[in-house]
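Note sheet for the following structure.
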Amino acid sequence: MQGNICRAWRYPLVSQPFVAEQTDKLSPEEALKLLEKQARHAENILASQPDLEPDLLRFLAEKGAPATRRAVAANPGTCAEANLLLADDQDQDVRKVLASKIGRLFPGLLAEEQKQLRDMAIATLEKLAQDEVTEVRAALAEEIKHHDCVPRPIVQALANDADPAVGLPMIEFSPQMEDEDLIQLVVASRASSILSAIARRKKLSGDVCEAVATTLDIDAVSALLANTDAAIRTKTLDKIISQAAEVAEWHGPLVVRADLSQTAIRRLAGFVGSTMIDDLMARSGLDDSTRNHIKHKLEARKKAEAKADAAMIAALRTGAQTEAFVTAAVESCRKDTVVKALAVLAKTDDATVRRVLDSKSPKSAISLVWRAGLSMRVAFQLQVQVMRLAGNLVIPARRGIDFPLTEEEMHWHLDYFGIK
């Protein structure tokens, strides 16, 4: 050990020369404290050296200060034995740093020629996957979610973790989650976040699509319909369409799907808004019967919408209850009507409302809806139905119903667009 330590001093130990001001006035206790501080600094520099001798890194992992042990944990050259030691470190930040590194380097660690080193790498991974601190397990899950070499028991344990920060990355991305695992999750947990994570997976099989669709969970089915890699069977799609008339969130994803049958297109034209019927009319490959059917539905829908819009605008100007009117316009994706309604309610002009919606800023849209005196439910639907924001950009309600921004924040976003 002594020889290795001596060889290690070839590395620079301090970034500045060791100088103690007024050393002649230091008390023994002050001198000792200063020397200990300098020693810790030297340890940290040593711990970050990628080609440091294994036994010295092992010594620092056991005896070093927390900052030193974190540096050893982050060091890609740290030996398997030291990594395993650090997996039980009392400092959760050390274990979190180690989890990120081990997860990132795990495929390479499994390529070690010595079985003992491979076994230590797996043992380290197992310890971190069972860590009592969520942040440690989450850091590990984030790094290994795309790996196809992680032992399945570890994958399954993380996927079934009670904390979404741990389980959801594995559920959505791990290539080792098999159809049986996913279907069991659908059956065992009706949590919308879990179902949606499954629905977003690449190359989703027909069986799993059927299981998700059967739940009729609004967010999960929306994610399933938006997933172009999901192998949704015709009968599964028909089942969704049969329930979609009352679920506005599904209309947009259904209309843009490329695999709609002529029958499905005719059924959709019977209940979606005129803007979406226009989208259906623009599809190529429609037979004459279907095109004529859609044309008649479009004419009827535009007349009905014009009548509803007139009633809504009249109600807005008299200060009558407006939530239901605006919600109907948003759900039907009638942007022009929504613009007029928000302009009246927010006491601004149509052009300003259009600038807000076209900005694709969810916070600005939420602020505008708040200013209009409408609910966060309208703000959420506005983001999804009218602004067509990607799922990762949509801002949901706080506690299910509350606006997620403070009044100060919303005033700031409104001021940006000149809405006082």
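Mind checking whether some residue in region 375-398 is more than 27 Å from Ala226 (Cα to Cα) and aliphatic (A, V, I, L, M)?
Scanning region 375-398, I find no residue that is more than 27 Å from Ala226 (Cα to Cα) and aliphatic (A, V, I, L, M), so the answer is no.
Within region 398-409, track down each residue that is closer than 29 Å to Trp250 by Cα and surrounded by 11 or more Cβ atoms within 10 Å (Cβ to Cβ).
Those that are closer than 29 Å to Trp250 by Cα and surrounded by 11 or more Cβ atoms within 10 Å (Cβ to Cβ): Arg398, Phe403, Pro404, Leu405.
Considering each of Val166, Val136 in turn, give the residue that is more than 16 Å from Ala231 (Cα to Cα) and assigned by TED's automatic domain parsing to the domain that holds Ala111.
Only one candidate passes the filter, namely Val136.
Is at least one residue of region 197-216 more than 25 Å from Ala248 (Cβ to Cβ) and among the polar types (S, T, N, Q)?
Yes, region 197-216 contains at least one residue that is more than 25 Å from Ala248 (Cβ to Cβ) and among the polar types (S, T, N, Q).
Considering region 338-397 alone, what residues qualify as being farther than 26 Å from Ile218 by Cα, under 25 Å from the mean Cα position of the chain (by Cα) and surrounded by fewer than 21 Cβ atoms within 10 Å (Cβ to Cβ)?
Selection gives Ser359 alone.
Could you run through region 266-285 and say how many residues are under 32 Å from the mean Cα position of the chain (by Cα) and of a type in the set (A, V, I, L, M)?
5
Provide a single number: the residues in region 174-202 that are among the charged types (D, E, K, R) and more than 19 Å from the chain's Cα centre (by Cα).
Residues meeting the conditions: 4.
State all residues of region 325-364 that are hydrophobic (A, V, I, L, M, F, W, C), assigned to a helix (DSSP H, G or I) and touching a residue at least 24 places away in the same chain (Cβ under 8 Å); if no residue qualifies, say none. So that I can check it myself, show each step before the final result.
First, pick out the residues of region 325-364 that are hydrophobic (A, V, I, L, M, F, W, C): 325-326, 328-330, 333, 338-339, 341-346, 351, 353, 356-357.
From what's left, assigned to a helix (DSSP H, G or I): 325-326, 328-330, 338-339, 341-345, 351, 353, 356-357.
Residues satisfying the conditions are Val326, Val330, Val338, Ala341, Leu342, Val344, Leu345, Val356, Leu357.
Is it the case, given these coordinates, that Ala111 is at pLDDT below 95 and over 24 Å from Gly77 (Cβ atoms)?
no
The values are calculated or read from the model by the stated rules, or taken from the named source; none is laboratory data. No experiment lies behind these values; they were computed from the predicted model shown. A quick note on method: Cβ atoms are made from the backbone with ideal geometry, for glycine too, and the neighbour counts reach across all protein chains shown.
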